[in-house]
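Worksheet: the structure to be examined is printed underneath.
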Amino acid sequence: MLLTLALVVCFTLLFQSWRRKLNRKGWAVIAIFAFSVSVILASVSVWSVWTPYTTNWNFHRGESDGIFPLSKLSYPLCLSVYHTPFIHLLYDGMRISGNASFSFFLMNAKIIVINGIFSYPPVFGEVRLSYSIDFPLFNNGETFFIFLLSLFTIFNMIGALIGIALANILPKKRAVEF
């Protein structure tokens, strides 16, 4: 949210200095930029936690905060997942599975935890985990992933709207001081 706010303020101020009077097309450009930045930052911050490196020691210790600067792009809203892995043998071969706990943080304070189960084939490197969520609204990982993207995008859009409002207030304050 804070990064979105800063990027939108800078873009809006630069765009307003380039075009003195904003018309409908100018506002559309600013709105498209704000939405695009919000979606991109939300996707990167959720994806870095959602798809951990299975060979990483932090993953095997359980906690996965994602890749540091990427997972905090929507700060103060952050996501973390705690994996407790165990090996489960299936008929078609070996799959690694275990319990997962998704934690939502608002300014580094845990606000909610959603539990589930994860599984993945025994491969090295970055792998997309299959999640099964223990929550009435999200019975599978895909709907939960879409919920996470929507939540983080909405949160970033709030920051973008605040940034647009600040960018429109700042030039007026400067004009009054002179």
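Express in nm, to one decimal, how much length is gained between Leu166 and Cys10 on full extension, taking 0.36 nm for each residue of separation and deducting their alpha carbon distance.
Numbers: separation 156, 0.36 × 156 = 56.16 nm, distance 1.01 nm.
Separation in residues times 0.36 nm, less the Cα-Cα distance, equals 55.1 nm.
Proximity of backbone amide H atoms, modeled 1.01 Å from N, is registered between Tyr75 and Leu2, Leu3 at under 5 Å, excluding neighbours fewer than 5 places apart on the same chain. Site pair Val113 and Ala31 shows an inter-label distance of 4.2 nm when each label is modelled 7 Å from Cα along Cα→Cβ.
Once the Cβ-Cβ distance of Lys21 and Ser132 is raised to the sixth power relative to R0 = 35 Å, the FRET efficiency obtained is 0.05.
We did not get these values from a lab; they are worked out from the coordinates using the rules stated. Remember, it's a predicted structure, so these values are computed and weren't measured experimentally. Using ideal geometry, Cβ is built from the backbone for each residue, glycine included, and neighbour counts are taken over all protein chains shown.
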